[in-house]
Amino acid sequence: METSQYLSQVIKELQLVPQLISDAESEQLVHSIAAAKKVFVAGAGRSGFMIRSLAMRLMHMGIQAYVVGETVTPGLGKGDLLIIGSGSGETKSLISMAEKAKKLGASLALLTTSLESTIGKLADTIIKLPGAPKDPSNKDYQTIQPMGSLFEQTLLLYGDALVLKTMELRKLTSESMFGQHANLE
């Protein structure tokens, strides 16, 4: 198969994604973001890269948004929201973070392929995103892509959809957000 044909197949897989995601849970997450004093995001590996882009766009909207683990990230507390992106919901460092966030009185949202995961059981809001499980013998979702690629791509695109919905609610445009864009580049 040619590279362009692989790309075409990846895009076909992504076109199936929207019908697999709950609008009701997504609305709950958008309202949790709007109600939060501060929003924190966390993820590991490639999922961590994808969830960071959500924090950046939230910041562009004027929302206090932080990536857990950065040196300038403040403490989390009551009234804050932690959004974790984890395909498995079983990453040990993220479980520890989720448990601590709950003890500190923060709300917890999980974007995952696994509703019944350890983090899923702790979450106030859980959004199931499609993707291949780590166990390749589990054939819940078929993808030609390796490992967690479909989940990670969906996480990035879903984050952008959350941003668009939040922009709509806050009556923001791309142009109005540029005041928050980095300018020391």
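The values are calculated or read from the model by the stated rules, or taken from the named source; none is laboratory data. The shown structure was predicted, so the numbers you read here are calculated from the model rather than taken from an experiment. Positions of Cβ are backbone-derived with ideal geometry, glycine not excepted, and every protein chain shown enters the neighbour counts.
Would you call M167 at pLDDT below 95, under 22 Å from V30 (Cα atoms), in a helix (DSSP H, G or I) and of a type outside the set (G, A, S)?
In short, yes.
Filter region 15-34 for residues that are among the hydrophobic types (A, V, I, L, M, F, W, C), more than 12 Å from L162 (Cα to Cα) and surrounded by fewer than 16 Cβ atoms within 10 Å (Cβ to Cβ) and give the result.
Passing the criteria: L16, L20, A24.
Quick one: in region 89-98, which of the residues that are free of Cβ contacts under 8 Å to residues at least 40 places away in the same chain and aliphatic (A, V, I, L, M) is surrounded by the fewest Cβ atoms within 10 Å (Cβ to Cβ)?
Checked region 89-98; the qualifying residue surrounded by the fewest Cβ atoms within 10 Å (Cβ to Cβ) is I95.
The rows are residues; the columns are (1) part of a helix (DSSP H, G or I); (2) closer than 17 Å to G45 by Cβ; (3) at pLDDT 95 or above.
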residue: L94; (1), (2), (3): yes, yes, yes
residue: A98; (1), (2), (3): yes, yes, yes
residue: G105; (1), (2), (3): no, no, yes
residue: K134; (1), (2), (3): no, yes, no
residue: Q142; (1), (2), (3): no, no, no
residue: Q145; (1), (2), (3): no, yes, no
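Can you name the residue in region 34-55 that is over 12 Å from the mean Cα position of the chain (by Cα) and among the hydrophobic types (A, V, I, L, M, F, W, C) and is also farthest from N183 (Cα to Cα) among such residues?
Across region 34-55, the extreme among qualifying residues is A35.
Within region 45-62, restricting attention to residues that are free of Cβ contacts under 8 Å to residues at least 40 places away in the same chain and of a type in the set (A, V, I, L, M), which residue is surrounded by the most Cβ atoms within 10 Å (Cβ to Cβ)?
Ranking the candidates gives A55 first.
Out of the residues in region 14-47 meeting the condition of being at pLDDT below 95 and among the β-branched types (V, I, T), tell me which one is nearest to I126 (Cα to Cα).
Among them, the one singled out is I21.
Hey, does region 167-174 have a residue that's surrounded by 10 or more Cβ atoms within 10 Å (Cβ to Cβ), farther than 17 Å from A34 by Cα and hydrophobic (A, V, I, L, M, F, W, C)?
no
Looking at (1) in contact with a helix residue (DSSP H, G or I) (Cβ under 7 Å, 6 or more places away or on another chain); (2) at pLDDT 95 or above; (3) in a helix (DSSP H, G or I), which is the one condition that is false for I126?
(3) is the only condition that I126 fails.
Within region 1-44, which residues are more than 26 Å from R170 (Cα to Cα), in a helix (DSSP H, G or I) and without any contact (Cβ under 8 Å) to a residue 40 or more places away in the chain?
Hits for region 1-44 are T3, S4, Q5, L7, S8, I11, K12, Q15.
Any chance you could count how many residues in region 48-78 are assigned to a loop (DSSP other than H, G, I, E, B) and in contact with a helix residue (DSSP H, G or I) (Cβ under 8 Å, 6 or more places away or on another chain)?
5
Going through region 64-88 one residue at a time, which ones are in contact (Cβ under 8 Å) with a residue 40 or more places away in the chain and crowded, with 16+ Cβ neighbours inside 10 Å?
D80, L81, L82, I83, I84, G85, S86, G87, S88 - these are the residues of region 64-88 that are in contact (Cβ under 8 Å) with a residue 40 or more places away in the chain and crowded, with 16+ Cβ neighbours inside 10 Å.
I'd like the full set of residues that are within 16 Å of V39 (Cα to Cα), touching a Gly at 6+ places or on another chain (Cβ under 9 Å), surrounded by 14 or more Cβ atoms within 10 Å (Cβ to Cβ) and among the hydrophobic types (A, V, I, L, M, F, W, C), limited to region 99-124.
Listed by number, the residues that qualify are A106, L110, L111, A123.
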